[in-house]
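The values are calculated or read from the model by the stated rules, or taken from the named source; none is laboratory data. Given the structure is predicted, the values throughout are model-derived calculations rather than measurements. Counting neighbours? That spans all protein chains shown, and the Cβs are built from the backbone with ideal geometry, glycine included. Side chains included, ligands, DNA and RNA excluded: accessible areas come from the protein's heavy atoms. Shrake-Rupley method; radii C 1.70, N 1.55, O 1.52, S 1.80 Å.
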Amino acid sequence: MSDFWVTEAMNGFGMTVQVEAELCRRQSKFQKIELYQTAKLGRLLLLDGIIQLTDFDEFAYHEMMANLPLFAHENPRRVLVIGGGDGGVLRELGRHPELEVMEICEIDEEVIQVAREFLPEISCGFDDPRVKIHIADGSEFVRNHPEEYDVIIVDSTDPGGPGAPLFGEEFYRNMKRALRPGGVIATQAESPYLLPEIVARLHAVSRRIFSSIGYGAIMVPTYPTGMIGACVASDGGDVRIPKREVPPELAAQLRYYTSDVHRAAFANPAFVNRLFA
């Protein structure tokens with residue numbers, strides 16, 4: 001099988017990528033996992049037909065999902081990642097020597113296995129000795145860990161299949177209970193072009209639970225509509241303003257996140273602000 005095209009289609013939008021070879025296709029007990037070698041974008045991972053990442057632009061999503069909440073916190077030490085079985089968020093967290101604990105709760109162990117085999121430059125996040133892996137349902141996991149984390153990052157699939165419980169209000173309330181004082185959450189919050197009703201609902205849920213919230217836009221060309229967002233929320237001050245400067249040694253490693261990009265990401269266009277009215 002060579003030189004063909006793979007298309008993700010949703011709500012009238014689509015993203016089509018030219019691929020050269022199929023590297024992996026398997027059905028876990030939760031979802032279909034596919035991995036391809038593309039013609040121009042490196043490797044491509046799909047879950048249930050939805051693009052999760054390409055080598056070409058994964059850095060944008062993973063840097064922002066990790067650094068928006070970390071820099072919205074004054075002194076993060078303990079972080080939980082829910083989902084994120086490809087390891088990309090863990091890789092970015094690993095660039096922060098101040099972190100003491102990095103736990104990940106992934107429901108589908110086979111996603112981790114595929115990433116470890118086929119995406120070593122992304123899944124290298126699992127190699128950090130601070131990482132502890134839990135194979136469990138994230139919505140159940142946070143319920144049983146009150147006041148334990150400074151930052152919780154939800155790197156979920158779309159609101160269908162195994163990711164569905166991660167978009168409900170009960171889950172957000174349980175995340176708040178799992179935070180230590182001043183804690184911050186960041187959740188994958190979809191595109192306002194593609195799923196405006198989900199963006200509006202997550203913002204409304206967060207506003208009922210936290211005192212400071214923001215929708216941060218992230219440019220990712222290989223996601224349908226070319227963008228996605230992170231819902232960032234806290235009771236520890238304005239999440240839209242970085243609490244710390246990016247150290248020079250970290251800045252030299254980053255390709256997307258800066259303090260200016262942090263602030264700019266939360267400057268939403270008018271049509272997005274109307275979703276939050």
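Scanning region 74-98 for residues that are part of a loop (DSSP other than H, G, I, E, B), on the phi < 0 side of the Ramachandran plot and either among the basic types (Lys, Arg) or surrounded by 20 or more Cβ atoms within 10 Å (Cβ to Cβ) (or both) returns Pro76, Arg77, Gly85, Asp86, Gly94, Arg95. When residues in region 118-128 are screened for being touching a residue at least 40 places away in the same chain (Cβ under 8 Å) and either within 12 Å of Glu103 (Cβ to Cβ) or open to solvent by 30 Å² or more (accessible area, probe 1.4 Å) (or both), 2 of them pass.
Any idea which of His145, His134 is part of a loop (DSSP other than H, G, I, E, B), touching a helix residue (DSSP H, G or I) at 6+ places or on another chain (Cβ under 8 Å), on the phi < 0 side of the Ramachandran plot and not polar (S, T, N, Q)?
Details: His134 fails: part of a loop (DSSP other than H, G, I, E, B).
Going through His145, His134 in turn, the sole match is His145.
Scanning region 79-100 for residues that are in contact with a Gly (Cβ under 9 Å, 6 or more places away or on another chain) and not β-branched (Val, Ile, Thr) returns Leu80, Gly83, Gly84, Asp86, Gly87, Gly88, Leu90, Arg91, Glu92, Leu93, Gly94. The one condition from (1) surrounded by 20 or more Cβ atoms within 10 Å (Cβ to Cβ); (2) out of contact with any strand residue (DSSP E or B) (no Cβ under 7 Å at 6 or more places or on another chain) that Pro224 does not meet is (2).
Taking the criterion of being open to solvent by 20 Å² or more (accessible area, probe 1.4 Å) and in a strand (DSSP E or B), the only residue of region 182-201 that qualifies is Gly182.
If you go through region 129-147 and pick out every residue that is open to solvent by 90 Å² or more (accessible area, probe 1.4 Å), more than 13 Å from Ala178 (Cβ to Cβ) and in contact (Cβ under 8 Å) with a residue 24 or more places away in the chain, you end up with 1. All conditions in (1) modelled with pLDDT of 95 or more; (2) under 23 Å from Pro120 (Cβ atoms); (3) buried (at least 17 other Cβ atoms within 10 Å of the Cβ) hold for Leu70, with the sole exception of (2). Each residue in region 239-266 was checked for being surrounded by 14 or more Cβ atoms within 10 Å (Cβ to Cβ) and either assigned to a loop (DSSP other than H, G, I, E, B) or modelled with pLDDT under 95 (or both), and 12 of them qualify.
If the condition is being modelled with pLDDT of 95 or more, open to solvent by less than 10 Å² (accessible area, probe 1.4 Å) and under 21 Å from Glu197 (Cα atoms), then region 148-170 contributes only Val154.
Pairing each residue of region 3-26 that is in contact (Cβ under 8 Å) with a residue 40 or more places away in the chain with any residue that is of a type in the set (D, E, K, R) and open to solvent by less than 50 Å² (accessible area, probe 1.4 Å), provided the two are 6+ apart or on different chains, yields C-beta distances under 6 Å for Met15/Glu8. Criterion first (closer than 30 Å to His262 by Cα, part of a strand (DSSP E or B) and open to solvent by 50 Å² or more (accessible area, probe 1.4 Å)) does Thr16 satisfy it? It is true that Thr16 is closer than 30 Å to His262 by Cα, part of a strand (DSSP E or B) and open to solvent by 50 Å² or more (accessible area, probe 1.4 Å).
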